[in-house]
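Student: Have a look at this one before I ask anything.
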Amino acid sequence: SLELASEALSIVQRRFYEDYPEHEMEKKYGFATPSTMKPTQVECARGALNQIPPWTTISGDVRLSPFYDPVEVMKAVDGYLKEINDDIESVPTRGPCSKYTLEGDDVDIKRGKVEFTWTDDVSSVRLMEGIACDLNSPGLKALMDATKEVKGSAKPYAITGSLPLVRQMKDA
């Protein structure tokens, strides 16, 4: 399961970065990073060192700039996983004894499977969408002027993260 999880994650990340590359507006808004999908934790069934674990969990984080729709990203990632599971034999293996399908009457699990669980549902994700502020707004000008007055200079920048409900208030 460790090998399958690693290879599947590699495929999903590659597809994510192909489909959601650095957006042309990110430079204009001073984003420090583009949208990212990063694994942050790995856990698997514990056993002896010579045992292949029956399950592996990789947890992580997706950060999107506000120029991509998070619900569309969720659908795309779910689609990547469906394609992997539909054609598990095409997932790269590591060596001649590495495979994700097994045969035999004594085998409990005949086919590897990749599952993906989102920690939030669509409605919760909509509450956490990012925003791109109006760079010509009086509010931003006032913040810039006040920052310059106190600190001597001001250079706007942006980061990916969540601002609960702010996008909905902006769009209202």
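Student: So for the stretch 77-98 (the condition being within 30 Å of LYS28 (Cα to Cα), assigned to a helix (DSSP H, G or I) and under 12 Å from the mean Cα position of the chain (by Cα)), does at least one residue qualify?
Tutor: Residues of the stretch 77-98 that are within 30 Å of LYS28 (Cα to Cα), as a first pass: 77.
Next, only the ones that are assigned to a helix (DSSP H, G or I) stay: 77.
From what is left, the residues that are under 12 Å from the mean Cα position of the chain (by Cα) are 77.
Scanning the stretch 77-98, I find at least one residue that is within 30 Å of LYS28 (Cα to Cα), assigned to a helix (DSSP H, G or I) and under 12 Å from the mean Cα position of the chain (by Cα), so the answer is yes.
Student: Which residue, of GLU129, GLU103, is at pLDDT below 90, open to solvent by less than 50 Å² (accessible area, probe 1.4 Å) and closer than 27 Å to GLU83 by Cβ? Step through it out loud before you land on a result.
Tutor: Values: GLU103 fails: open to solvent by less than 50 Å² (accessible area, probe 1.4 Å).
So the residue among GLU129, GLU103 that is at pLDDT below 90, open to solvent by less than 50 Å² (accessible area, probe 1.4 Å) and closer than 27 Å to GLU83 by Cβ is GLU129.
Student: May I ask you to list the residues in the stretch 64-76 that are open to solvent by less than 30 Å² (accessible area, probe 1.4 Å) and assigned to a helix (DSSP H, G or I)?
Tutor: Of everything in the stretch 64-76, those that are open to solvent by less than 30 Å² (accessible area, probe 1.4 Å) and assigned to a helix (DSSP H, G or I) turn out to be PRO70, VAL71, VAL73, MET74, ALA76.
Student: Quick check, is PRO164 part of a loop (DSSP other than H, G, I, E, B), modelled with pLDDT under 90 and open to solvent by less than 80 Å² (accessible area, probe 1.4 Å)? I'd like the intermediate steps shown before the answer.
Tutor: Details: part of a loop (DSSP other than H, G, I, E, B): yes; modelled with pLDDT under 90: yes; open to solvent by less than 80 Å² (accessible area, probe 1.4 Å): yes.
In short, yes.
Student: Residues that are part of a helix (DSSP H, G or I), charged (D, E, K, R) and buried (at least 16 other Cβ atoms within 10 Å of the Cβ): does the stretch 7-17 have at least one?
Tutor: Applying the first criterion (part of a helix (DSSP H, G or I)) to the stretch 7-17 yields 7-17.
Remaining after also requiring charged (D, E, K, R): 7, 14-15.
Still in the running and buried (at least 16 other Cβ atoms within 10 Å of the Cβ): 7, 15.
Within the stretch 7-17, one or more residues are part of a helix (DSSP H, G or I), charged (D, E, K, R) and buried (at least 16 other Cβ atoms within 10 Å of the Cβ).
Student: Out of the residues in the stretch 18-63 that are among the acidic types (Asp, Glu) and within 21 Å of PHE116 (Cβ to Cβ), state the one that is surrounded by the most Cβ atoms within 10 Å (Cβ to Cβ). If you could, list the steps in order and put the result at the bottom.
Tutor: Within the stretch 18-63, the first condition is being among the acidic types (Asp, Glu), and the residues that meet it are 18-19, 22, 24, 26, 43, 61.
Applying the additional criterion that residues be within 21 Å of PHE116 (Cβ to Cβ) yields 18-19, 43, 61.
Details: GLU18: 8, ASP19: 15, GLU43: 11, ASP61: 12.
So, considering only residues that are among the acidic types (Asp, Glu) and within 21 Å of PHE116 (Cβ to Cβ), the one surrounded by the most Cβ atoms within 10 Å (Cβ to Cβ) is ASP19.
Student: OK, next. Could you check, for the stretch 108-116, whether at least one of its residues is without any contact (Cβ under 8 Å) to a residue 12 or more places away in the chain and open to solvent by less than 50 Å² (accessible area, probe 1.4 Å)?
Tutor: no
The values are calculated or read from the model by the stated rules, or taken from the named source; none is laboratory data. Because the structure is predicted, anything quoted here is derived from the model rather than measured. With ideal geometry, Cβ positions are generated from the backbone for all residues, glycine too; neighbour counts draw on all protein chains shown. We work out accessible area using only protein heavy atoms, side chains counted, and drop any ligands, DNA or RNA first. Shrake-Rupley method; radii C 1.70, N 1.55, O 1.52, S 1.80 Å.
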